[in-house]
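The values are calculated or read from the model by the stated rules, or taken from the named source; none is laboratory data. Predicted model only: the values in this text are computed from it and were never measured. Heads up, the Cβs are rebuilt from the backbone with ideal geometry, glycines too, and the neighbour counts pull from every protein chain shown.
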Amino acid sequence: MDEQLKQLQKKINYEKTFDCVQCGYCLPACPTYESMQKETHSPRGRINLVKQFAEGKIGIEALQEPIDRCLGCNACAVVCPTNVEYGKILEGAKEVLDEQKPKTKRQKIVEEILFDQVFPSKTWMNFIGHATWFYQKSSLKALLEKTGLTKMAPLHLDQFEQVLPDLPSPMERRRRRKVTKAVGRSRVNVGFFTGCVMDSIFFKINDQTIDLLTRAGADVFIPDEQTCCGALHAHSGKLESSKELAKRNIEAFEKENVDYIVNNAGGCGARLIEYEELFEDEPEWGERAKAFVDKTKDIHQLLVELDTLTFTKPVHEIVTYQSSCHMLNVQRVVDAPLRLLKSIPGVVYREMKGSDRCCGSAGIYNMIQYDESMEILNKKMDNVKTTDAHTIVTTNPGCLLQMKLGIKREGLEDRMRAVHLVELLSEAEPETRDETDAEHPNATGETESDF
Ligand code: SF4
Ligand code: SF4
């Protein structure tokens with residue numbers, strides 16, 4: 001076989017496409033198949049196209065659009081009876097497409113700046129946070145809105161800008177400490193993975209996360225050298241860059257002797273637990289990645305396992321929950337967020353139809369595939385409305401912005417809000433349970449039952 005084709009097949013995970021027996025069980029789970037009703041936009045159809053492309057039977061143009069339109073939500077992999085590793089096939093296809101598709105010089109420069117300079121850099125992400133704070137507080141925002149210039153922003157950024165939270169001032173950002181000690185007795189050491197977008201835009205939620213962890217009995221460390229998890233890079237076909245970021249994070253957390261590496265973003269957490277698989281061909285890094293993954297936990301999992309918090313202030317609201325796809329379908333964290341939610345006094349939990357289906361955010365999908373994303377969001381909001389919820393709770397920054405956008409598009413801002421679960425837990429004024437009750441970490445544990 002031609003050496004070039006062999007290389008392509010390795011990269012695109014050609015062997016894995018044979019695990020698909022074309023049974024079609026995944027079709028009802030796929031949001032893009034539901035909305036487009038095209039075989040090429042179903043999991044089965046996409047796998048078939050990847051296989052044909054890897055055999056040289058079709059060209060890149062036939063593969064591009066169906067792959068670009070995939071949300072990467074992984075719902076297909078969860079229901080697949082033959083355990084097809086769809087995520088790996090998709091990542092391989094994205095990498096090959098990224099390498100082969102023609103790009104203008106401008107596109108290349110923009111991508112290089114974004115992926116190599118901005119996302120991995122704390123300085124850049126802080127700068128974005130500071131600039132957005134200045135924009136919100138100065139008269140610039142009002143002026144641009146008045147002149148209609150905001151509408152000229154690319155990638156529908158004007159829409160997302162309207163639902164951003166109020167950002168903290170540079171002074172407030174500087175107040176964060178590298179180490180925050182547990183309230184009361186220290187039970188565990190936690191390294192906090194702050195994330196790039198979370199810390200830039202949702203800095204306050206990260207602060208609330210630290211507060212919850214310390215009240216739950218954790219000493220919290222924030223390694224300075226940590227960087228972006230690499231999820232956005234992997235979803236855009238930049239696997240080598242994603243691996244480099246993984247190495248930087250592994251090194252950063254190795255330096256701290258922590259029991260757990262905790263994150264609060266479904267998408268980041270999913271990438272962090274995939275680190276081991278990235279280094280199958282590099283045994284030394286593979287071992288270090290395994291140690292990292294073994295310690296990695298979503299905050300809600302850890303809070304349930306520690307079982308040391310009690311919530312003292314009732315929240316008298318109807319609350320519904322929108323799962324983060326990557327938390328649900330990759331991390332398989334199902335039960336912990338709901339247990340916490342239901343432990344808040346006053347909350348009336350109402351399950352939403354299709355709460356396990358993607359909201360259309362999917363990384364930067366809602367910016368680059370705006371129309372399709374909004375169609376998915378409209379359906380999601382129809383389901384939200386039938387719950388009569390006052391509050392939509394989610395656990396990922398992208399989903400949170402998307403749900404806020406959904407509320408705004410429906411004109412429901414005066415009676416509905418979207419929050420991260422950490423925000424709702426903080427609102428319910430958590431206190432450390434009495435020492436005698438809190439002697440049993442792992443008392444409840446994470447159960448992966450259905451809900
Ligand atoms: S991906 Fe799995 S569920 Fe879907 S058609 Fe292939 S084997 Fe069946
Ligand atoms: S990842 Fe999601 S959108 Fe893509 S094929 Fe699977 S179910 Fe469909």
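Checking each residue in the stretch 1-41 for being within 16 Å of ligand 1 (Cβ to nearest atom), among the hydroxyl-bearing types (Ser, Thr, Tyr) and touching a residue at least 24 places away in the same chain (Cβ under 8 Å) picks out Tyr14, Thr17, Tyr25, Thr32, Thr40. In the stretch 100-107, is there at least one residue being among the polar types (S, T, N, Q), over 27 Å from the mean Cα position of the chain (by Cα), at pLDDT below 95 and assigned to a loop (DSSP other than H, G, I, E, B)? Within the stretch 100-107, one or more residues are among the polar types (S, T, N, Q), over 27 Å from the mean Cα position of the chain (by Cα), at pLDDT below 95 and assigned to a loop (DSSP other than H, G, I, E, B).
In summary, helices (runs of 4 or more DSSP H) completely within the stretch 333-427 and bearing 2 or more residues that are hydroxyl-bearing (Ser, Thr, Tyr) and over 22 Å from Gln208 (Cβ atoms) occur at 370-386. The residue that is surrounded by the fewest Cβ atoms within 10 Å (Cβ to Cβ), counting only those in the stretch 10-66 that are charged (D, E, K, R) and part of a loop (DSSP other than H, G, I, E, B), is Lys57.
Could you grab me the full set of residues in the stretch 295-323 that are polar (S, T, N, Q), modelled with pLDDT of 95 or more and within 25 Å of the chain's Cα centre (by Cα)?
Residues satisfying the conditions are Thr296, Gln301, Thr320, Gln322.
When Val96, Val84, Val118, Val110 are checked against the criterion of being β-branched (Val, Ile, Thr) and within 14 Å of ligand 1 (Cβ to nearest atom), a single residue qualifies: Val84.
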